[in-house]
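What follows is a short report on a single structure.
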Amino acid sequence: MADLETLKNGVMKSWSESPEDVKEEYGPEYFDAFLKHMIDYSHKKARNNPEEVVDAMLDAITAVEPEIRYKVCGVDYHILWLLSDYLPFSVADFLYKFRLPTTKPKAA
């Protein structure tokens, strides 16, 4: 849906415009890890057909009874989504945390 450079520039712009106290709370190591994760994730998981995403968004805003979550993802994530359909949200959310960077904010 978006060019990788555009995403990267947007994240870097947000970081540069963040107040100094926010930057201090998160720290440069967290920002660097987040940026690397975002770039890696975008390369691996970008959708080839943006119409899939647009269709899901259209359904989400026009459906009389929209789904709780929309599954526009690859096969590997369909397995996680399938599990999340049968697991409590708290358990599914816990499992999804393993996809995130392991670097924690400086203040955490």
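Brief remarks on what is shown
- In plain terms, the C-alpha convex hull of the stretch 4-99 casts an average shadow of 8.2 nm² when viewed from every direction.
- S42 versus K106: modelled label distance in nm, points set 7 Å from Cα along the beta carbon direction: 2.5 nm
- Pairs exceeding a 21 Å alpha-carbon distance, out of K71/K104; K23/K106; K71/K106: K71/K104; K71/K106.
- Seen against the Cα atoms of the chain and their longest principal axis, helix 4-17 is set at about 50 degrees.
- Summary of packing: across the peptides 24-35, 4-15, the per-residue average of other C-beta atoms within 10 Å ranks them, highest first, as 24-35, 4-15.
- In degrees, nearest ten, helix 50-62 long axis to first principal axis of the chain (Cα): 70 degrees
- Calculated FRET efficiency for the pair E20/L95, C-beta based, R₀ 41 Å, to 0.05: 0.70
- Compared with the dominant Cα axis of the chain, that is its longest principal axis, helix 75-86 is turned about 70°.
No lab work stands behind these numbers, since they all come straight from the coordinates. All figures in this text were calculated on a predicted structure; none of them were measured in a lab. Here Cβ is always computed from backbone atoms with ideal geometry, including for glycine, and neighbour counts include all displayed protein chains.
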